[in-house]
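Please read the structure below before turning to the comments.
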Amino acid sequence: MLDILPKQTPLWRQFETIWQNLAASYGYDEIRLPIIEATSLFKRSIGEVTDIVEKEMFCFQTKEDSESLSLRPEGTAGCVRAGIENSLLRHQIQRLWYMGPMFRHETPQKGRYRQFHQVGVEAFGMDGPDIEAEHILMMARFWKALGIESAIQLQINSIGSAESRKNYRNVLVDYLSKYQSDLDADSQRRLHTNPLRILDSKNPKMADIIANAPLCYEYLDPDSTLHFEKFTDLLTKANIAYTLNPNLVRGLDYYNRTVYEWVTDTLGAQGTVCAGGRYDSLVAQLGADSTPAVGFAMGIERVLLVQEALGVKPTPAMDAYLIHVGATVTDNALSFAEDLRTRCPTLRLILHCGGGDFKQQFKKADKSGARIALILGEQELLNQTIGIKFLREERPQIEMPLTEINQFLMTYLAN
Ligand code: ATP
Ligand code: MG
């Protein structure tokens, strides 16, 4: 579980701000959900025979009633639970998003942590491919806003209806059974419990077997085929590039029809930055009226790693550093800084504290990352002026009347 240090938080905050504005611009509302839920909720929704439920959940027993609870490994289950309990879903259209930590007991490595963060989007009450296409367009716009669109590609597939998947499953089990002894232990175990997951295996020893397996979309029911064709038409019309990946089945049980992943090759094995699809049966499975649903989740750490790999820098976190030398000046500096903050409400200003001469204070100003240093000395105080040194550009130091400083800051910092 990682600490997110002050050096990294500007990139996180930039991500969060861009996301919040984007979600609002598509009419999505935020929902905030608990981090702990009943273990049974995840078993019922994600599925017993999945990586998450079999080996990745942090579960614990409460002392009083020995109920099993789990740190949430993902957000969809909790979102649907909250939607049902608070009557948000019945015959209603909802466009929701959430953001926060998720927990999975995995082997930590680059892009894979035990506490990680997701942004999730869930849309309820819409059964057409238009809402799926909206999600794709929204994300395409998001990658662009983050400056990483060149490093991210879309892969799509359809896994059909529960019925068509049953037919396909039989064909797949027949095929895989022929190679039973070549399958790894996980896959042998899954052959009869969750054979589709075998297609998702990253084990290179099984790559050939998987590459030659029968394809799910050849067994789709006619309605799912039509749905998928409409979906790809919408993507094409919107100029969204995609690849069809017939082995993309997603690791969770609740999906049907459209599934997709946004992938990158900048992060090695942890290549999926965002994944989602349709899950029309989950709401009914959790006890409410049947409600169509579609959603996705994006891993924030992985997205930030892509930004880092591409050299995307956050906007500087600090605007100005107030340097002041001389006993009378220092007495005035605190109230001067307060006054500046009142007059320029968006100004990010560090007031130097702890004394020291000009040289020592300039060093601190530079290290703070601020764009400019504001300088107050005895002479300036006497003349009612202030000095401005540009810390990040080749430009001579200037001096101006104190009365003009807030106008200057507003204009300078807006550019
Ligand atoms: P993977 O195949 O990489 O294990 P997954 O299929 O388990 O991913 P999902 O459950 O679909 O992942 O979660 C959606 C997104 O959340 C992933 O695409 C990824 O960006 C992110 N994510 C999942 N697990 C982790 C983790 N342990 N650490 C960091 N990010 C993660
Ligand atoms: Mg996983």
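The values are calculated or read from the model by the stated rules, or taken from the named source; none is laboratory data. Predicted model, so just to flag it, every value in this text is computed and none were measured. Here the Cβ is made from the backbone with ideal geometry for all residues, glycine too, and neighbour counts use every protein chain on show.
Okay, here's what the table says:
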read-out: Candidates 144, 166 - the one that is basic (Lys, Arg) and not assigned by TED's automatic domain parsing to the domain that holds residue 54; value: 166
read-out: Failed criterion for residue 268 (all others in (1) within 30 Å of residue 391 (Cβ to Cβ); (2) small (Gly, Ala, Ser); (3) assigned by TED's automatic domain parsing to the domain that holds residue 136 hold); value: (1)
read-out: Residues located in the stretch 290-303, provided they are crowded, with 18+ Cβ neighbours inside 10 Å and either more than 9 Å from ligand 1 (Cβ to nearest atom) or assigned to a helix (DSSP H, G or I) (or both); value: 291, 292, 293, 294, 295, 300, 301, 302, 303
read-out: Residue 314 away from ligand 2 (no atom under 16 Å from the Cβ), outside the structural domain of residue 131 (by TED's automatic domain parsing) and touching a Pro at 6+ places or on another chain (Cβ under 7 Å); value: yes
read-out: Number of positions in the stretch 118-133 that are within 17 Å of the chain's Cα centre (by Cα) and part of a helix (DSSP H, G or I); value: 0
read-out: Single condition residue 8 does not satisfy, out of (1) surrounded by fewer than 19 Cβ atoms within 10 Å (Cβ to Cβ); (2) over 30 Å from residue 310 (Cβ atoms); (3) at pLDDT below 95; (4) away from ligand 2 (no atom under 16 Å from the Cβ); value: (2)
read-out: Hits in the stretch 353-396 (condition: more than 36 Å from the chain's Cα centre (by Cα) and in a loop (DSSP other than H, G, I, E, B)); value: 353, 354, 355, 356, 357, 377, 384, 394, 395, 396
read-out: Filtered residues of the stretch 265-280 (kept if within 10 Å of ligand 1 (Cβ to nearest atom) and hydroxyl-bearing (Ser, Thr, Tyr)); value: 272
read-out: Condition met for residue 58 (in contact with a Phe, Trp or Tyr (Cβ under 7 Å, 6 or more places away or on another chain), surrounded by fewer than 19 Cβ atoms within 10 Å (Cβ to Cβ) and assigned by TED's automatic domain parsing to the domain that holds residue 271); value: yes
read-out: Residue that is farthest from ligand 1 (Cβ to nearest atom) [pool: residues in the stretch 38-68 that are touching a helix residue (DSSP H, G or I) at 6+ places or on another chain (Cβ under 6 Å) and part of a strand (DSSP E or B)]; value: 68
read-out: Residue identified as away from ligand 1 (no atom under 11 Å from the Cβ) and out of contact with any Pro (no Cβ under 7 Å at 6 or more places or on another chain) among 260, 321; value: 321
read-out: Some residue of the stretch 163-182 being within 23 Å of residue 270 (Cα to Cα), buried (at least 16 other Cβ atoms within 10 Å of the Cβ) and at pLDDT 90 or above; value: no
read-out: Any hit, the stretch 328-337, residues being touching a helix residue (DSSP H, G or I) at 6+ places or on another chain (Cβ under 6 Å) and either modelled with pLDDT of 95 or more or closer than 16 Å to residue 154 by Cβ (or both); value: no
read-out: Exclusive hit being at negative phi and within 14 Å of ligand 1 (Cβ to nearest atom), set 306, 283; value: 306
read-out: Flag for residue 105 being in a loop (DSSP other than H, G, I, E, B), assigned by TED's automatic domain parsing to the domain that holds residue 269, modelled with pLDDT of 95 or more and more than 21 Å from residue 279 (Cβ to Cβ); value: yes
read-out: Residues being buried (at least 19 other Cβ atoms within 10 Å of the Cβ), at positive phi and in a loop (DSSP other than H, G, I, E, B) - total across the stretch 243-280; value: 1
read-out: Those residues of the stretch 89-104 which are more than 19 Å from the chain's Cα centre (by Cα) and either surrounded by fewer than 19 Cβ atoms within 10 Å (Cβ to Cβ) or not aliphatic (A, V, I, L, M) (or both), in sequence order; value: 90, 91, 92, 93, 94
read-out: Yes/no for residue 70 being modelled with pLDDT of 95 or more, polar (S, T, N, Q) and surrounded by fewer than 11 Cβ atoms within 10 Å (Cβ to Cβ); value: no
read-out: Failed item, numbered, when residue 311 is tested on (1) within 30 Å of residue 148 (Cα to Cα); (2) in contact (Cβ under 8 Å) with a residue 24 or more places away in the chain; value: (2)
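So that you can scan it fast, the table gives a plain yes or no per residue for (1) within 27 Å of the chain's Cα centre (by Cα); (2) within 16 Å of ligand 2 (Cβ to nearest atom); (3) modelled with pLDDT of 95 or more:
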| residue | (1), (2), (3) |
| --- | --- |
| 198 | yes, yes, no |
| 214 | no, no, no |
| 235 | yes, no, yes |
| 240 | yes, no, yes |
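Each row is one residue, and each column tells you yes or no for (1) out of contact with any strand residue (DSSP E or B) (no Cβ under 8 Å at 6 or more places or on another chain); (2) charged (D, E, K, R); (3) within 16 Å of ligand 2 (Cβ to nearest atom).
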| site | (1), (2), (3) |
| --- | --- |
| 100 | no, no, no |
| 115 | no, no, yes |
| 133 | yes, no, no |
| 139 | no, no, no |
| 174 | yes, yes, no |
